[in-house]
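Below is one structure, written out as structure tokens; comments come after it.
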Amino acid sequence: MVDSSDQAAGRLREAKRVTVLTGAGISAESGIATFRDAMTGLWSQFNPADLATPEAFRRDPELVSRWYDERRLQVAGCRPNDGHLALARMERIAGARGVKFTLITQNVDRLHQAAGSQSVIELHGTLWVWRCVDCGKEAEETGPAFSEYPPTCICGGSRRPGVVWFGEGLNWRDLSAAGVAAKACDLLISVGTSSVVYPAARLIEDAIAAGAKVLEVNPNPTPFSDEVDWSIRGKSGEVLPRLVEEAFGNGVDAHRIDSSAG
Ligand code: BJW
Ligand code: ZN
């Protein structure tokens, strides 16, 4: 393993299939706390891993739905950062060069889409869609705070965020597409994830096992840091724009920012 962004940029330039896996760290520079950051204010007494479960929602639907709604409203006030924008640019350049590009995110904030990424696999769902636990009816929620917690469906059932909690299965199609993209790429870039949550972390294992080059971008080490080809210790909002520029230059390729994150 060498800490060498020019080698990684060279691989990015040559690769025919590029897969990117992102985690909460890519949104940190947009002002969104990472999942494993300590919670602040009213929430400081809670551990996020204890709230992100179906059992927690069954036990205290008011508490859990309120936490997710606060996060939804917080994200609504956040903008994509230079890391999100660099990945959107990477996708556009890949498209123009006939390169297969797959962006897989564990994030539920939709900031990749807000940055202009066109095709995003949301492995852990999204904060922006809420679902009735009784009838399964789903609806996009981009408005103000709910008036009751948990919000209720017209059928009378409780509504929950459309995210994937611990112990729940991921969407089968999404997971399968992500697995194919990890196994079939020549370069996998893992950005801003602690890489401890499965099956998302297995995508990194799969790429390594299949012989892909793997680049990790993270200010901190992860369980994969010693296994990957390049580990760039830095913030994604700084490292990714530099990587794309080193690989493809700084050509005219206007960033499109869609103002609505939801
Ligand atoms: C920066 C930065 C900057 C900071 N720039 N970087 C195999 C082994 C062990 C356990 C399991 C296993 N298989 C399954 C399990 C159980 C479990 C699991 O993985 N547990 C482990 C924690 C031990 N997995 C599951 O339960 C999954 N389901 C499942 O497997 O189902 C099986 C099943 C089959 C059939 C029927 C039923 C079940 C589901 C996992 C769902 C995860 N959901 C969450 C919550 C989503 C909603 C919400 O947001 O509240 O997803 S948990 C949470 O973790 C969230 C995240 O997407 C996910 C990953 O976290 P992430 O993104 O890596 O964030 P952090 O905070 O951990 O790390 C941030 C990183 O950023 C750090 O490294 C920083 O250094 C870095 N950073 N600033 C770049 N500027
Ligand atoms: Zn319903």
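Here the translational diffusion coefficient of the stretch 65-224 follows from Stokes-Einstein with Rh set to the Kirkwood radius across Cα pairs; for 37 °C and 0.692 mPa s it amounts to 191 µm²/s.
Under the shape rule built on the C-alpha gyration tensor, where the axes satisfy a ≥ b ≥ c, the stretch 1-115 is prolate, since a/c reaches at least 1.5 and a/b is greater than b/c. The relative contact order of the stretch 41-125, computed from alpha carbon pairs under 8 Å that lie at least 6 residues apart in sequence, is 23 percent. Taken over the stretch 141-262, the ratio of Cα radius of gyration to 2.2 N^0.38 Å equals 1.39.
What distance in nm separates the simple spin-label points at Asn171 and Ile154, each placed 7 Å from Cα in the Cβ direction? Calculated label separation equals 2.4 nm.
Taking only protein heavy atoms and a 1.4 Å probe, the accessible area of the stretch 123-262 is 49% carbon and sulfur. Rounded to two decimals, the Cα radius of gyration of the stretch 93-133 over 2.2 N^0.38 Å is 1.40.
Taking the longest Cα principal axis of the chain as reference, the axis of helix 61-76 is set at about 40 degrees. Rolling a 1.4 Å probe over the heavy atoms of the protein chains gives the stretch 114-204 an accessible area of 44 Å² per residue.
Below 16 Å Cα-Cα, how many Lys pairs turn up in the chain? Only count pairs eight or more apart in sequence, or on different chains, if you could. Provide the component values of the computation, followed by the final result.
Numbers: Lys16/Lys100; Lys16/Lys183; Lys16/Lys213; Lys100/Lys183; Lys100/Lys213; Lys183/Lys213.
The result is 6.
What is the chain's relative contact order, in percent, from Cα pairs under 8 angstrom and six or more apart in sequence? If you can, show how the numbers build up before the last one.
Details: 483 pairs, mean separation 76.1, N = 262.
Contact order relative to length: 29 percent.
Could the peptides 183-194, 65-76 be put in order, highest first, of the mean number of other beta-carbon atoms found within 10 Å of their residues?
Values: 183-194: 23.8, 65-76: 18.9.
Ranked from most to least packed, the peptides come out as 183-194, 65-76.
The calculated 222 nm mean residue ellipticity attributable to helices in the chain amounts to -10500 deg cm²/dmol, summing -39500 (n - 2.57) over DSSP H runs of n ≥ 4 and dividing by all residues. Ranking Thr22, Thr53 from most to least accessible surface, computed with a 1.4 Å probe over the protein chains only, gives Thr53, Thr22.
The values are calculated or read from the model by the stated rules, or taken from the named source; none is laboratory data. Quick caveat, the model's predicted, so the values are computed rather than measured. Cβ atoms come from the backbone with ideal geometry, glycine included; neighbour counts cover every protein chain shown. Accessible surface is based on the protein model in full, side chains and every heavy atom, while ligands, DNA and RNA are left aside. Shrake-Rupley method; radii C 1.70, N 1.55, O 1.52, S 1.80 Å.
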